[in-house]
Each structure stands twice: as structure tokens, then as C-alpha cells.
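Below is one structure, written out as C-alpha cells, with a few remarks after it.
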Amino acid sequence: MNTLISSKNCIRIAALAAALTPMAAGCSSHGAKHAQRHVIIAFDTSASWSPHLAESARVCLRIASDLDPDTDRLTLYRVDRSTDEFFDGRVPDSSDALQAILVRELSPKPSAAGSRPESFWGTVAERAQTDPGRTSVVFFSDGDVDFPGHATTETIRSASLALSRNKRVGRVCVLGASRGNWAYLRSDFASLGDRLVLSTPSGLSSGTSEQCLPANDH
């Protein structure tokens, strides 16, 4: 059993590493210094999102390249049945370093099927309360809720309300959401108004992610 699981994970690690290899190393040049910005990024690691995981990681690298490693902060989560933080700190000073983190942490398959995005939304709403500067939240996911119910809906709506009341939160982005999930996302996150950004899986590489960067406060 352990050998089989290890073999499958090795295949997934190799596939993710190969998909990310073409990304250029190094960082973008940055101009005038600004107040700290914080980007919180989560990856749905359930089976339904697996085909889009490598593209999600590429977009994450692109977002990070627009952040300043001297001042900006990056927090990364993987989301399946639980929400697990795997990086929190200043933006790595090279895309190679960040790529290595993504490959290591996103390659293992979840131990059980299904995801609980409500867990992530509750976690991130609480986390954003402590941020001193501009914050953006990015969730790479098809938007599926595998364990629906009244409690799940209330958790998501409560988190949305907390995020909407937090004026430091500039954008909340669900990138890759299937069209069938847009209606509930717009309903549950209605309190965010135009701070909510949605894209389909085909929109991952369209530049929508540029809308998810926090504004610069010089």
C-alpha cells in the first residue's frame, strides 16, 4: 500500500515539476518601495481540480513575480478536506525557490476524496483580520462544495461578510470556477460586491490574475 501511494505521488511530483520547468527564474525588478502587501493563495488539491493544478501553480508564480521580496508577504494553503498552510513569509527572492516549494507541497495526493472550501474561507477571513496592509485572497478551485448543507453555507457567508467588512482586503478571487458554480459564488459572496473576481478554468492564463494583486500604498 505505501509503495503504491509513494509511486503515484512520485508520478504527480514529476508531472508538476515538468509543467513548471519552463517558468523563468529570477524576480521582476521593483521600483519605489511601498507598504507591505499580502497575497493569500490557496490551491484546491481535490481530484476534480487536479487537471488544472499545474496551471494554477504557474499563475501563482506569475503573481509572486509582481510582488516585492523586500516588503511583500505571501501565504500559501492547500485545500482538500482540511486547510493546511505550507508557506508564510516574505516572498521568496527567486521563482526557482518558490517553484520548489510548490512542487514539494502540491504534489502529494489528498488522503481522502472531496474538499471543504468552507474551511479555507473561515480560516482566511480570520487571518486577514491581522494584516496591517493591503491584502488579496486567491483561491484556485472549480468552486465545488463536496459537503453541502446549511452549516457549510453559513460558514462561507459569514466569512464573506467578514472579508467585506475588512477594508484592507482589496480582492477576493476564485480562479477556475466552473460556470455552474458562479451563481452560488455570487450569492454567497454578494457582500463583497465588485471586490469579488471570478474566472473559469480557461481564464487562468488570460490575465485575470492581474486583477488580484493588492494596490500599492506608497
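Would you confirm whether or not the range 110-118 contains a residue that is free of Cβ contacts under 8 Å to residues at least 40 places away in the same chain and closer than 24 Å to L198 by Cβ?
yes
Among the residues of the range 125-145, which ones are of a type in the set (S, T, N, Q) and either surrounded by 19 or more Cβ atoms within 10 Å (Cβ to Cβ) or within 21 Å of W49 (Cα to Cα) (or both)?
T135, S136, S141
Could you figure out which of (1) among the hydrophobic types (A, V, I, L, M, F, W, C); (2) more than 20 Å from S141 (Cβ to Cβ); (3) surrounded by fewer than 19 Cβ atoms within 10 Å (Cβ to Cβ); (4) touching a residue at least 12 places away in the same chain (Cβ under 8 Å) isn't true of V91?
Of the numbered conditions (1) among the hydrophobic types (A, V, I, L, M, F, W, C); (2) more than 20 Å from S141 (Cβ to Cβ); (3) surrounded by fewer than 19 Cβ atoms within 10 Å (Cβ to Cβ); (4) touching a residue at least 12 places away in the same chain (Cβ under 8 Å), the odd one out for V91 is (3).
Whether any residue in the range 146-154 is surrounded by fewer than 22 Cβ atoms within 10 Å (Cβ to Cβ) and under 19 Å from I41 (Cα atoms) is what I want to check.
There is no residue in the range 146-154 that is surrounded by fewer than 22 Cβ atoms within 10 Å (Cβ to Cβ) and under 19 Å from I41 (Cα atoms).
Looking for something surrounded by 15 or more Cβ atoms within 10 Å (Cβ to Cβ), touching a Gly at 6+ places or on another chain (Cβ under 9 Å) and acidic (D, E) - is there at least one such residue anywhere in the range 97-117?
Looking for residues that are surrounded by 15 or more Cβ atoms within 10 Å (Cβ to Cβ), touching a Gly at 6+ places or on another chain (Cβ under 9 Å) and acidic (D, E), one finds none in the range 97-117, hence no.
Taking the stated definitions as given, is R195 among the basic types (K, R), in contact with a helix residue (DSSP H, G or I) (Cβ under 9 Å, 6 or more places away or on another chain) and either under 20 Å from L53 (Cα atoms) or touching a residue at least 24 places away in the same chain (Cβ under 8 Å) (or both)?
In short, yes.
Does G122 fit the bill of being touching a residue at least 60 places away in the same chain (Cβ under 8 Å), surrounded by 14 or more Cβ atoms within 10 Å (Cβ to Cβ) and among the small types (G, A, S)?
No: the conditions fail for G122.
Being under 25 Å from F189 (Cα atoms) and under 15 Å from the mean Cα position of the chain (by Cα) is the filter; apply it to the range 98-116 and report the residue that is modelled with the highest pLDDT.
R116
Which pairs have Cβ atoms under 9 Å, sit 6 or more apart or on different chains, and link a residue in the range 143-162 that is farther than 22 Å from S199 by Cα to one that is of a type in the set (F, W, Y) and part of a helix (DSSP H, G or I)?
Partner pairs satisfying both residue conditions: T155/W121; S158/W121.
So, in the range 117-142, of the ones that are at pLDDT below 95 and in a loop (DSSP other than H, G, I, E, B), which residue ends up nearest to D68 (Cα to Cα)?
That would be G133.
The values are calculated or read from the model by the stated rules, or taken from the named source; none is laboratory data. All values reported here derive from a predicted model rather than from experimental measurement. Please note: Cβ atoms are built from the backbone with ideal geometry, for glycine as well, and neighbour counts cover all protein chains shown.
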